[in-house]
Number of protein chains: 4
Amino acid sequence: MKVGIVGGTGYTGVELLRLLAQHPNVELSAVTSRAEAGVAVSDLFPSLRGRIDLKFSDPTSSSLQDCDLVFFATPNGVAMQQARALLDAGVRVIDLSADFRITDVALWEKWYGMKHACPERIAQAVYGLPEVNRDKIRAAQLIANPGCYPTATQLGFLPLVEAGCVDTDHLIADAKSGVSGAGRKAENSLLFCEASDNFKAYGVPGHRHLPEIRQGLESAGNCRIGLTFVPHLTPMVRGIHTTLYARINRDEDFQALFERRYANEPFVDVLPPGSHPETRSVRAANVCRIAVHRPQDGDTLVVLSVIDNLVKGAAGQALQNMNLMFGFDECAGLAQIPVSP
Amino acid sequence: MKVGIVGGTGYTGVELLRLLAQHPNVELSAVTSRAEAGVAVSDLFPSLRGRIDLKFSDPTSSSLQDCDLVFFATPNGVAMQQARALLDAGVRVIDLSADFRITDVALWEKWYGMKHACPERIAQAVYGLPEVNRDKIRAAQLIANPGCYPTATQLGFLPLVEAGCVDTDHLIADAKSGVSGAGRKAENSLLFCEASDNFKAYGVPGHRHLPEIRQGLESAGNCRIGLTFVPHLTPMVRGIHTTLYARINRDEDFQALFERRYANEPFVDVLPPGSHPETRSVRAANVCRIAVHRPQDGDTLVVLSVIDNLVKGAAGQALQNMNLMFGFDECAGLAQIPVSP
Amino acid sequence: MKVGIVGGTGYTGVELLRLLAQHPNVELSAVTSRAEAGVAVSDLFPSLRGRIDLKFSDPTSSSLQDCDLVFFATPNGVAMQQARALLDAGVRVIDLSADFRITDVALWEKWYGMKHACPERIAQAVYGLPEVNRDKIRAAQLIANPGCYPTATQLGFLPLVEAGCVDTDHLIADAKSGVSGAGRKAENSLLFCEASDNFKAYGVPGHRHLPEIRQGLESAGNCRIGLTFVPHLTPMVRGIHTTLYARINRDEDFQALFERRYANEPFVDVLPPGSHPETRSVRAANVCRIAVHRPQDGDTLVVLSVIDNLVKGAAGQALQNMNLMFGFDECAGLAQIPVSP
Amino acid sequence: MKVGIVGGTGYTGVELLRLLAQHPNVELSAVTSRAEAGVAVSDLFPSLRGRIDLKFSDPTSSSLQDCDLVFFATPNGVAMQQARALLDAGVRVIDLSADFRITDVALWEKWYGMKHACPERIAQAVYGLPEVNRDKIRAAQLIANPGCYPTATQLGFLPLVEAGCVDTDHLIADAKSGVSGAGRKAENSLLFCEASDNFKAYGVPGHRHLPEIRQGLESAGNCRIGLTFVPHLTPMVRGIHTTLYARINRDEDFQALFERRYANEPFVDVLPPGSHPETRSVRAANVCRIAVHRPQDGDTLVVLSVIDNLVKGAAGQALQNMNLMFGFDECAGLAQIPVSP
């Protein structure tokens, strides 16, 4: 099976490379980068020396159309321009950017501040959260791979919203992300000396993952969702920890609810009562660990959900989707054990 | 003015030493430590070489009773046993531990898991949050210096609770602390290899700072407070960031409310609208910076509040209280500019 | 093939577990720990949830004698006491501690400050550096797995010492280690707040890895070795970077010398001229990357050598030795790609 | 006394601002920045809120000529163009960049890769290392403030080179710097996700601080200096640790030699025998701490020297020079105690 990657120089790209190089069924045909065309992948990423022999190729000259599957690991706004030709040629596409995640074009254009270049494909795109859309993913030609915050947040809220046992008008998601979530961009705020030994919230007035989370939960709960979403930049490389708050409006055995919901999910791990998941317990692995608390037996439920933003929050989930689309074992190439310490 | 410190080997102790050594009115007479008695302070803390000439002395042999003021920078449960004799001798005491913070003895004993050894002094103790109790502090003999989380959380909620414009039954405080907040204890969970590049919540079922925060806010608002408090361990040395959520029940110009409330406070800085305070902007300085947000113009208010847990959350606030008690300029010895980067 | 681990609660132990759980030929029979006996391995190390089903067992009640191979991941001084019975029973042993590394018992006792409990087995022990002793390792019953600093340092000096082209009386190894090299010990100096945002040398008067490195190089070069070895504690979890200095006494194409020496080594990667290896380029993988420099065309050669101290410096090298001992592919279970970022 | 800063947006600039704002004799008149002209200093650096009321001004419109002293905290190549007019107008100048550090213009041009724009002022510039040039500094109009590595390295080697007791043809300086040493530049290699949990050497073939160190030591020892200088990037914000190696050619009481040399130096602290200085013991303070070792009683001396690269390695040393130039107490404004932890 031939696979191409568009935009292989970011953190999502190098993580895709790491995982694909260890996948039993994949032959990597092309990795494109306008800026690095001609450079050996392993020169840019020495961690891949001896494991990836490709050079970055220019997107225009690459034979992406010969691939069975193309991943877009590009900034928002690229896939919507370049995917159409591939889709028309019958290539299957997994877009790790946000271009096809929001079904309401106007809403997308408002939050992303640009005109959508490929609106006619949005309806066919399947939102690639296997825990919700497994069957649709198998049949999809175009996958909108979920964002990192949306993955951790939705997996934490889903059982509650589906069961209708909490006040869905006033959900709160307090999310903390490692710095790699911001991508490999030369910006002052992402410098070691700015982000290290420091903690801050950002985007409190409104973050682009808000409409994505709301859309997913509204679909799951078949109800309107009111959500306050506050992301924070955390001085670690990988990992997202979301602390979710919901007002209970119908009593339940919440622990059992979560265990039941995810009983057959290979990549969601509901921890025993009283647990506090750590981000390092999922480092470099495709798993979401969740704990459910009801502090002081009050009426506010607290759900803790952790993922590695680059794996279950990006590249790993993309491989999981690929496995489903091509009929492989859903876990193929995703058996890495978390690296701890 | 003669000052003593009981328990000078923890992070709060060394921070007290750093600040006191730069205070214009203070002569440091004794620093006690059972474990390190006889060791030069600067041998244990080389950062103090040339600045503190004392040796740690045994608490029993120290002439603490000759001091005008004694700080307790001890684990919970020590000050309540040793402060009585000093108080009886007329020495003034600032206790940085939790021993005298909770006015309801039974509540204290429930949360701290021990019998209180000095209940008769609790009523006289003044809770040392100058922004609330400035006048009482001036006259106090015994100060219960607030905890780090309670300082950041109360300063963030106070204007709202005093104004009565939010639903005080369902406050949420999502708090993130640097590792120094846990003290200088040789425990596995505080090791570099456990706490670094990692993020986790802890104490979700119940943390000892919960009753302290509730007590303070109930007194300020003259109402019952319902609070969900979730602390998190953050891979940084210093700093607390609290993200506070409150449901609005009466519209207000919240920015103006906060600016008005803290207009004359030397150590509370209300940031302009739209700001996101960073913990490093207060590193090593006695200041609390606060920003107020109302995301998406909804009915949930978000307050961001940062302090250095060792300064405004402990040793700096203790000096602020000392300045008030002894009639010094409230800012004396506390003019350090935050160290950034 | 049945494998046991004695002392599975340290960082070397959990890394062994991570690697062994992914090895195709291994059945893990027992993991012992006196302190944690009865506790599920995955309760102590949540990263292993769903991957290791064992509980820690008491060393005395464990059926280690039924194993084909037992790893000791214990503090120095334990293996020399417990390995004898296993060896007598015909079990093969890989000791990751220092007990059998030094062939001169008196020298060992001087540096390790205790009497050796099993001196009669030292001569049979094979020093498990495959790049030097591959054939002896295949046949060995008892492997003394090299220390982390000695692995990085010897691999960097070996080609020079073997070729006899540098002044071996005055070698300098300036080594920097991540904190996990110190083990999982609740000591103040290893706390996050002590080791983070900080850098220091330690053990400059003499470190236990000095005699081990000297012994290895003296054997390789068949000459006396004079070595100044200065280790440093670096604020990162994993990784060793050694900067090696040697005075040239015979000109050579040093780049070619290194490439030739390691041409057939699966786990040593000689970088192109001008390279600066980063520790993260080997994170969580069993590889040593080396670069050779001759600054300013002077007479001092600088060799840079990086490993992950827990993998090529401990558990990974132990698996590499196991593969050799049991006739598996030398790379079996060691194909993980470094995790970066 | 009126002071201006050219280029106040880097880490050296903000550190100058922090220190100058606390200096008793200084009035800050202008801080220039082409890019940030019109922006309040405290908007860019919230740590300075309430302490610095200036806005960044455009260099062309600033009245720098009215200042008594102007600091250049600019990238290399700027001061040599802009200082001439100020010097001609009688303003005194402290240049924190490298423009006036090397007396041999050709050598400077080779290492810095540009033509020098103001060669006629080089001879008058005084190299601002007070421990060597105190008297010349008092009288100087133009100070070339030393680099960070050169400060730590020269202070560590000076007593040995002056005494002539080591082999000055083969000195080795293995230096480790926190990331702030590279400045506030939006470059990929300085991103949190690249520099964190990672360690690497850089510039091994040749680093610009090499000729500066050699020049200083050659002048001090009145001899030719051969130096191998290897800098490393360390995952911490502030701090330099140099590990210096020198072959002994004449026996000495080296501890006494260092203590004698620095007996009257207010900002050099020679530690007791056997010490290992930590970078955090000098964090945010203007001090260099040094320890001297002779491992295994061999013929190689090891000197450990630590500074805060932004203070004694840049802004603090600049203030020390200012104090000397203007007849203030040499320690004025430099009494901050290191911040630890």
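Is at least one residue of segment C:315-336 in a strand (DSSP E or B) and either more than 14 Å from chain A (Cβ to nearest Cβ) or surrounded by 24 or more Cβ atoms within 10 Å (Cβ to Cβ) (or both)?
No, every residue in segment C:315-336 fails to be in a strand (DSSP E or B) and either more than 14 Å from chain A (Cβ to nearest Cβ) or surrounded by 24 or more Cβ atoms within 10 Å (Cβ to Cβ) (or both).
When only residues in segment A:51-72 that are closer than 18 Å to A:Glu15 by Cβ and within 14 Å of chain C (Cβ to nearest Cβ) count, which is surrounded by the most Cβ atoms within 10 Å (Cβ to Cβ)?
The selected residue is A:Ile52.
Take the residues of segment D:255-268 that are within 13 Å of chain B (Cβ to nearest Cβ) and either touching a strand residue (DSSP E or B) at 6+ places or on another chain (Cβ under 7 Å) or more than 21 Å from B:Arg51 (Cα to Cα) (or both): which is surrounded by the fewest Cβ atoms within 10 Å (Cβ to Cβ)?
In this case the residue turns out to be D:Tyr262.
If you go through segment A:143-202 one residue at a time, how many are of a type in the set (Phe, Trp, Tyr) and without any contact (Cβ under 8 Å) to a residue 24 or more places away in the chain?
Here the count works out to 1.
For segment C:100-116, give me each residue that is buried (at least 17 other Cβ atoms within 10 Å of the Cβ) and either of a type in the set (Val, Ile, Thr) or under 15 Å from C:Gln141 (Cβ atoms) (or both).
Passing the criteria: C:Phe100, C:Ile102.
How many residues are more than 9 Å from every other protein chain (Cβ to nearest Cβ) and surrounded by 18 or more Cβ atoms within 10 Å (Cβ to Cβ) if we restrict to segment D:16-41?
Within segment D:16-41, residues that are more than 9 Å from every other protein chain (Cβ to nearest Cβ) and surrounded by 18 or more Cβ atoms within 10 Å (Cβ to Cβ) number 12.
Out of curiosity, is C:Gln320 outside the structural domain of C:Asp174 (by TED's automatic domain parsing) and in contact with an Asp or Glu (Cβ under 8 Å, 6 or more places away or on another chain)?
yes
What residue, of A:Lys185, A:Lys176, A:Lys200, is under 21 Å from B:Leu233 (Cα atoms) and under 19 Å from the mean Cα position of the chain (by Cα)?
Checking each option against the conditions leaves just A:Lys176.
Mind listing just one residue for me: the one in segment B:162-188 that is among the hydrophobic types (A, V, I, L, M, F, W, C) and under 12 Å from B:Gly221 (Cα atoms) and, of those, farthest from the other protein chains (Cβ to nearest Cβ)?
Among those that are among the hydrophobic types (A, V, I, L, M, F, W, C) and under 12 Å from B:Gly221 (Cα atoms), it is B:Ala163.
Can you name every residue in segment D:218-237 that is within 14 Å of another protein chain (Cβ to nearest Cβ) and either outside any strand (DSSP E or B) or more than 23 Å from C:Pro295 (Cα to Cα) (or both)?
Correct list: D:Arg224, D:Ile225, D:Gly226, D:Pro235, D:Met236, D:Val237.
Residues in segment D:83-92 that are touching a strand residue (DSSP E or B) at 6+ places or on another chain (Cβ under 8 Å) and surrounded by fewer than 22 Cβ atoms within 10 Å (Cβ to Cβ): how many?
The qualifying residues number 3.
Name the single residue, out of those in segment A:291-314 being within 11 Å of chain B (Cβ to nearest Cβ) and within 15 Å of the chain's Cα centre (by Cα), that is surrounded by the fewest Cβ atoms within 10 Å (Cβ to Cβ).
A:Ser305
Hey, can you tell me all the residues within segment B:269-290 that are within 11 Å of chain D (Cβ to nearest Cβ) and either among the basic types (Lys, Arg) or under 19 Å from B:Asp329 (Cα atoms) (or both)?
Of everything in segment B:269-290, those that are within 11 Å of chain D (Cβ to nearest Cβ) and either among the basic types (Lys, Arg) or under 19 Å from B:Asp329 (Cα atoms) (or both) turn out to be B:Asp269, B:Arg280, B:Arg283, B:Ala285, B:Val287, B:Arg289.
Only one of these conditions is not met by B:Glu131: (1) over 24 Å from B:His241 (Cα atoms); (2) surrounded by fewer than 22 Cβ atoms within 10 Å (Cβ to Cβ); (3) within 14 Å of the chain's Cα centre (by Cα). Which number is it?
Exception for B:Glu131: condition (1).
Whether any residue in segment C:220-234 is farther than 19 Å from C:Leu310 by Cβ and free of Cβ contacts under 8 Å to residues at least 40 places away in the same chain is what I want to check.
Yes, because at least one residue in segment C:220-234 is farther than 19 Å from C:Leu310 by Cβ and free of Cβ contacts under 8 Å to residues at least 40 places away in the same chain.
The values are calculated or read from the model by the stated rules, or taken from the named source; none is laboratory data. Keep in mind the model is a prediction, meaning the values are calculated, not measured. Quick reminder, even Gly has a Cβ in these numbers, built from the backbone with ideal geometry, and neighbours come from all protein chains shown.
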